[in-house]
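Colleague: Below you'll find the structure I mean.
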Amino acid sequence: MLSNRHLSGWVLASPLALVLVIFLVAPIVMITVVSFWGATEFSIYPAFQFDNYAFLFGSDVTYRVFLNTFKYAAITWVFTLLIGFTVAYFLAFHVRSLKWQIALFLLCTIPFWTSNIIRMISWIPFLGRNGLANSTLISWGVIDEPLEWLLFSDFSVILAFVHLYTLFMVVPIFNTMMRIDKSLIEAAADAGASGWQTLWHVIIPLTKPGIMIGTIFVVTLVMGDFITVRFMSGSQSANVGRMIQNDIGLLQYPSASATAVVLLITVLMIIGILLRFVDIRKEL
């Protein structure tokens with residue numbers, strides 16, 4: 001009987017496993033294989049060599065680009081966490097009506113009804129030299145001339161990242177907060193805990209799984225993004241995604257594959273470190 005149950009379980013899981021093998025495992029294997037191939041100015045030839053990785057790790061540009069990628073991911077994570085936690089806390093503990101919670105939560109999803117690219121480039125006329133932000137600041141007398149760093153800078157890149165990915169932090173944190181037993185908060189208040197003490201010692205520890213899930217979403221999305229950096233920096237800045245895009249544009253597929261493999265390993269290491277802090281399987 002037990003063997004039959006195991007067999008039926010494998011049979012039920014086999015369609016999903018087949019899909020994962022074809023569309024996830026096989027492409028990763030192919031990319032890894034191509035990363036060891038060689039390339040000339042006009043052709044690509046199968047081989048097993050480490051030239052692509054040697055060139056990648058032997059270039060100072062690689063380390064600067066990876067450092068820039070980590071910088072974008074870290075700063076975006078901080079702002080999305082602050083905004084996402086605040087929004088989720090307000091929805092979970094200050095909005096009492098379930099109907100209003102649903103309505104306000106759906107309001108947060110409205111930007112996702114349009115394309116990421118549309119939402120991203122909508123910042124360009126707002127932040128431009130003659131855009132609404134500079135015009136307003138000049139009319140208020142705050143500045144005498146337009147601010148050049150509002151657009152095509154690290155500021156605009158991070159602003160776009162925060163705008164695009166904050167909801168990926170709101171959703172898991174809100175989901176975790178809604179599972180917190182409200183009697184625990186009441187017990188903390190009865191014990192004399194202040195609002196900040198309740199937040200720090202009760203709510204935040206119980207919200208860690210949601211924070212970690214949101215962190216994984218935001219960090220992986222930012223580190224793999226390339227189009228945002230291209231448009232919002234005016235091609236003046238780069239991250240790892242841009243490196244891969246440039247290699248593909250030059251038909252240097254082995255070099256692009258090697259960079260993609262290193263990026264994948266880096267992201268998996270970050271996820272592995274994050275998963276050591278909390279067991280998110282209970283949340284899933």
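The values are calculated or read from the model by the stated rules, or taken from the named source; none is laboratory data. None of these values were measured; they are calculated from a predicted model. With ideal geometry, Cβ positions are generated from the backbone for all residues, glycine too; neighbour counts draw on all protein chains shown.
Colleague: I want to confirm something. Restricting to the stretch 142-174 and keeping residues that are polar (S, T, N, Q) and in contact with a helix residue (DSSP H, G or I) (Cβ under 6 Å, 6 or more places away or on another chain), which single residue is surrounded by the fewest Cβ atoms within 10 Å (Cβ to Cβ)?
Modeller: Top of the filtered list is T166.
Colleague: Still on this structure: Taking the stated definitions as given, is I213 touching a Pro at 6+ places or on another chain (Cβ under 9 Å) and closer than 27 Å to I117 by Cα?
Modeller: When the stated conditions are applied, I213 passes them.
Colleague: With the checklist (1) under 26 Å from I173 (Cα atoms); (2) crowded, with 18+ Cβ neighbours inside 10 Å in hand, flag the one item W200 doesn't pass.
Modeller: Unmet for W200, out of (1) under 26 Å from I173 (Cα atoms); (2) crowded, with 18+ Cβ neighbours inside 10 Å: (2).
Colleague: Ok, one more. Using the structure shown, decide if L127 is touching a helix residue (DSSP H, G or I) at 6+ places or on another chain (Cβ under 6 Å), free of Cβ contacts under 8 Å to residues at least 40 places away in the same chain, of a type outside the set (F, W, Y) and under 23 Å from Q236 (Cβ atoms).
Modeller: Yes; evaluated as a whole, the condition is true for this residue.
Colleague: Residues that are of a type in the set (D, E) and surrounded by 12 or more Cβ atoms within 10 Å (Cβ to Cβ), at least 1 per element: which helices (runs of 4 or more DSSP H) completely within the stretch 1-65 meet that?
Modeller: Fully inside the stretch 1-65 and qualifying: 51-57.
Colleague: Just one of the numbered conditions (1) hydrophobic (A, V, I, L, M, F, W, C); (2) under 18 Å from V95 (Cβ atoms); (3) modelled with pLDDT under 85 is not true of I180; which one?
Modeller: Unmet condition: (3).
Colleague: Right, next: Is it the case that T207 is out of contact with any Ser or Thr (no Cβ under 7 Å at 6 or more places or on another chain) and touching a residue at least 24 places away in the same chain (Cβ under 8 Å)?
Modeller: In short, no.
Colleague: All but one of (1) more than 19 Å from A88 (Cα to Cα); (2) modelled with pLDDT of 90 or more; (3) buried (at least 16 other Cβ atoms within 10 Å of the Cβ) hold for M212, so report the exception by its number.
Modeller: Of the numbered conditions (1) more than 19 Å from A88 (Cα to Cα); (2) modelled with pLDDT of 90 or more; (3) buried (at least 16 other Cβ atoms within 10 Å of the Cβ), the odd one out for M212 is (1).
Colleague: Scan the stretch 231-252 for residues that are more than 28 Å from L151 (Cβ to Cβ) and crowded, with 17+ Cβ neighbours inside 10 Å and jot them down.
Modeller: Of everything in the stretch 231-252, just one residue is more than 28 Å from L151 (Cβ to Cβ) and crowded, with 17+ Cβ neighbours inside 10 Å, namely Q252.
Colleague: Follow-up. What number of residues within the stretch 67-81 satisfy the criterion of being under 18 Å from A258 (Cα atoms) and surrounded by 19 or more Cβ atoms within 10 Å (Cβ to Cβ)?
Modeller: Count: 1.
Colleague: Pick out the one residue from F85, F112 that is assigned to a helix (DSSP H, G or I) and buried (at least 16 other Cβ atoms within 10 Å of the Cβ).
Modeller: After ruling out the rest, the residue left standing is F85.
Colleague: In addition: Please specify each residue of the stretch 72-91 satisfying the condition of being under 14 Å from V222 (Cα atoms) and of a type in the set (S, T, N, Q).
Modeller: Within the stretch 72-91, T76, T80 meet the criteria.
Colleague: Also: Has the stretch 145-165 got any residue that is over 19 Å from the mean Cα position of the chain (by Cα), within 23 Å of T86 (Cα to Cα) and not in a helix (DSSP H, G or I)?
Modeller: no
Colleague: Those residues that are aromatic (F, W, Y) and more than 14 Å from the chain's Cα centre (by Cα), I need them from the stretch 199-252; list them, please.
Modeller: Residues satisfying the conditions are W200, F231.
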